[in-house]
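Report on the following structure.
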Amino acid sequence: MNIKHHPTDQTLMDYASGKMSQAMELLVATHMTLCPKCREKVAEFEALGGAALETANVMSMDAHALDHVMAMIERETANENVVFREMPSTRRVAVGESITGSAIPSVPRPLANLLPDNVLSLEDIPWKSLAPGVKHYQLKSIESKGTVRLMKIAPGVSIPDHGHHGHEMTLLLKGSYIDEIGRFRAGDVADLGNDVDHQPIADTAEECICLIATDAPMKFNRLLPKLLQPFIGI
Amino acid sequence: MSGTTRTRPGPADPAEAKRCASWIVAVAATQDREAFAQLFAHFAPRVKAYMFRFGGNSENAEELAQEAMMQVWRKAHLFDPQKAAASTWIFTIARNLRIDRFRQRKHIEVDDSDPTLIIDDSPLADEIVDRDEHAVLVKSAMEELPADQKVVVELSFFEDLSHSEIAEQLDIPLGTVKSRLRLALTKLRGGLEGVS
Ligand SMILES: [Zn+2]
């Protein structure tokens, strides 16, 4: 995978400091699964968080805090046979879905964890039609702040022209598209600031699938009458 | 009552940072209570101050700091000194616990056992980073930041404030917050690259 477009440093720092909406976090963690560079940058920002912890003020603990914690640990150790070690999660995700050109081979786990259990590949997603050539799937959010959805766009079709309040990011999972900023391929992230109007177009013979996260509801400028928006949850 | 006091110096050199890491390794390997007490003395008051800035109540902060230290004990076997310094790892435990308690959800993270995980196979990636040395460099780079940049970095990590809220709190324009942060990050990164 040859990723050219990454989230901004500021976005990665917000991820590391833990102050993003869950919608944004999901997109960043999905990109990080595919991008060793951004994993390393986030590790650096976490080290900065560690440095902030070391250099900031301290607050003295209650006199018996350690005894108290040790007592809880003893109690837990006594019941240890039940569960002690927290094991990494083991949800299975099918590997080796037929690799069609530029697609992500299967769904990265941060995203897979939020899809219905029977969805093992991007093809299994229960898409809903949004407009001719445009399908979408709204992910169960999680936190009321922000929205996150998958979109599937037929070749040559453009994502409805939309501006947005707040922060929007798009992660391309399959195909490619082109917009005012450039060409995006699988794994690339468009990290857009406030008030950008853009109109991406799926520019190859292949359909394009992307994950879009926003901090505020998206507003489509054309294509969908405003009145309809509340009914389809945009 | 516990009040906020000025910091005791954190690790000033890699040897000290390595000692912190070795305590976590000892807890994992032999459930070493002495090592845990050392970790507790160093990190619990820091985690408490961190929680206090998000929660605003010292009883609550005390409880969360104790809970974070329990997690340090429980998760010690997951600590990998090749991947993070002790302070970095404990910061992520505190951050995740804060999100869990204050926002009632999990922090979404990369799963290292994910079959779709893409590993960097470029030759540069083989270079082993000494995480403890790195942590000390980051810390001294941070201490050397001009006060106006340092406070913006601290607020970014220590309070749940957006950039515009930071601007409001410091009574400076939003653009100034962004440019100070950008300067600070450039300087921090530059400082690190200068050494390695
Ligand atoms: Zn990246």
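Since every read-out is calculated from the coordinates, none of them should be taken as a lab result. The model shown is predicted, which means the values in this text are computed figures rather than measured ones. Positions of Cβ are generated from backbone atoms using ideal geometry, with glycine treated the same way; all protein chains shown enter the neighbour counts.
Tabulated results
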read-out: Kyte-Doolittle mean at least 0.0, axial Cα span of 15 Å or more - DSSP H helices of chain B; value: B:14-30, B:33-55, B:147-158, B:174-195
read-out: Label-point gap, in nm, between A:E123 and A:A78 - each point 7 angstrom along Cα→Cβ; value: 5.6 nm
read-out: Mean Cα-pair separation over length for region B:18-177, i.e. relative contact order, pairs under 8 Å, 6 or more apart, %; value: 21 percent
read-out: Links that overshoot a 18 Å alpha carbon limit, given the list A:K37/B:K139; B:K18/B:K83; A:K4/A:K37; A:K19/B:K18; A:K41/B:K187; value: A:K37/B:K139; A:K19/B:K18
read-out: Highest average packing first - A:28-35, A:63-70, Cβ atoms within 10 Å; value: A:28-35, A:63-70
read-out: Label zone at B:Q31, where the point sits 7 Å out along the Cα-to-Cβ direction: region B:42-81 residues whose backbone N lies under 14 Å; value: B:73-77
read-out: Förster-model FRET efficiency, 41 Å R0, B:S162 and B:L117, C-beta, rounded to 0.05; value: 0.85
read-out: Dipole magnitude of region B:114-179 about its Cα centre (Cβ charges: Lys, Arg +1; Asp, Glu -1), debye to nearest 20; value: 260 debye
read-out: Cut-off 20 Å (backbone N to label point 7 Å along Cα→Cβ of A:E206), residues of region A:170-186; value: A:170-179, A:182-186
